[in-house]
């Protein structure tokens, strides 16, 4: 190995060792509202600092850290404008990732990361150990409602990116009842009802989630949509022709299987079920996927699974897999029926 190769390895490892600073800088930018304070034109540093209520010098340091990674662009002055990435931090961006950034850097995440070695040793979530055995989602709803709201928004933004492809794959032209289980605010369900005017829908999630349901479900589609609150791991009192399960495969196996078995009990033999998720062996963003995989180990004891692992989990949940189709570059859809 040459000295040049060694120095490259040293630089890369040092950079990796302080990568938490990048996450913190992104979160700070969102919390300060920098992306929303910059419009179509670049804004001088002093004016930008006044807009967001901070001191210019430390703001300059934050922006230096961000522009070095392509988030915002520095112009003469100095002034700062948007890059392709920083524009995605705006609240009004069509494909905004604002809440994904917040969700990935919530205060509880910083408590968990130093405990990763412990979770690797035991295979159990550090969150429960840190919070006296508390269930992660229950804890968020009871003790960290602001973080729970961020989760709901992050899932909505994530759904908005993939929902067009999902709607294209789920044919409800002949009508029927579709139930979105653990559907959050019901963004996907609303998109399905919008595409298929003969369909009816049920949104099933926690009472807190459905209390902030997509306004289309309580407005123009109110006559075709029902909101039901409950715990999918305990019971799913919903009758439907098609059940949609999106992103439950990231939970720990016990809760994912319990949810699928409750769908089976609710629907009965032969009912259609689609299970949608991201497969770790089919992701174009290995860094992001593996990082979220580790975070899921820490908070819920779950993780991203391979395609074969997902198929095995779905079958353990009482479903018969008929086939698997790609949704987009990130997600796959398992077409299933309740096994008789």
(message) Compute the orientation-averaged projected area for the chain from the convex hull of its Cα atoms and round it to one decimal in nm².
(response) 20.5
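Arrange 260, 85, 333 by Cβ neighbour counts within 10 Å, fewest through most, would you?
Taking fewest neighbouring Cβ atoms as first place, the list is 85, 333, 260.
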(request) Treating the angle as unsigned and between 0 and 90°, give the value, to the nearest 10°, between the Cα long axis of helix 286-299 and the longest Cα principal axis of the chain. (result) 70
(request) For region 3-91, restrict the atom set to alpha-carbon positions and state the Rg and Dmax in Å. (result) 14.6, 48
(request) Find the relative contact order for region 3-91 and round it to a whole percent, using C-alpha pairs within less than 8 Å whose residues are 6+ positions apart. (result) 29
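Can you compute the helix-only [θ] at 222 nm over the chain? Use -39500 (n - 2.57) per DSSP H run of at least 4 residues, normalise by all residues, nearest 500 deg cm²/dmol. Could you put the intermediate results ahead of the total?
Details: 18 runs with 170 residues, N = 340.
Theoretical 222 nm ellipticity from helices: -14500 deg cm²/dmol.
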(message) Just want to confirm a number: the relative contact order over the chain, from Cα pairs under 8 angstrom separated by 6+ residues, in percent.
(response) 12
(message) Using only the Cα atoms of region 114-257, what are the Rg and Dmax in Å?
(response) 16.6, 52
(request) Enter the angle in degrees (range 0 to 90, nearest 10) between the Cα long axis of helix 145-169 and the first principal axis of the Cα atoms of the chain, meaning the one along which they spread out most. (result) 70
(message) Between region 66-93 and region 190-213, how far is it from one alpha carbon centroid to the other, in angstrom?
(response) 35
(message) Compute the distance from the alpha-carbon center of region 233-248 to that of region 109-183, in whole Å.
(response) 16
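Looking at the chain, send over the antiparallel percent of its DSSP beta bridges, to the nearest 5. Before the final figure, lay out each step's value.
Values: 19 of 40 bridges.
Antiparallel bridges make up about 50 percent of those DSSP assigns within the chain.
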(message) Using only the alpha-carbon atoms, how far is helix 56-67 inclined from the longest principal axis of the chain? Give it as 0 to 90 degrees, nearest 10.
(response) 60
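Among 178, 150, which comes first, second and so on when ranked by fewest other beta-carbon atoms within 10 Å? The partial results should precede the final answer.
Numbers: 178 24, 150 21.
Fewest-to-most ranking of 178, 150: 150, 178.
How would you rank 264, 336, 324, going from fewest to most other Cβ atoms within 10 Å of each one's own Cβ? If you can, show how the numbers build up before the last one.
Details: 264 22, 336 27, 324 16.
Least crowded to most crowded, the residues run 324, 264, 336.
A short reminder: the numbers here are calculations on the coordinates, not readings from a lab. All values reported here derive from a predicted model rather than from experimental measurement. A quick note on method: Cβ atoms are made from the backbone with ideal geometry, for glycine too, and the neighbour counts reach across all protein chains shown.
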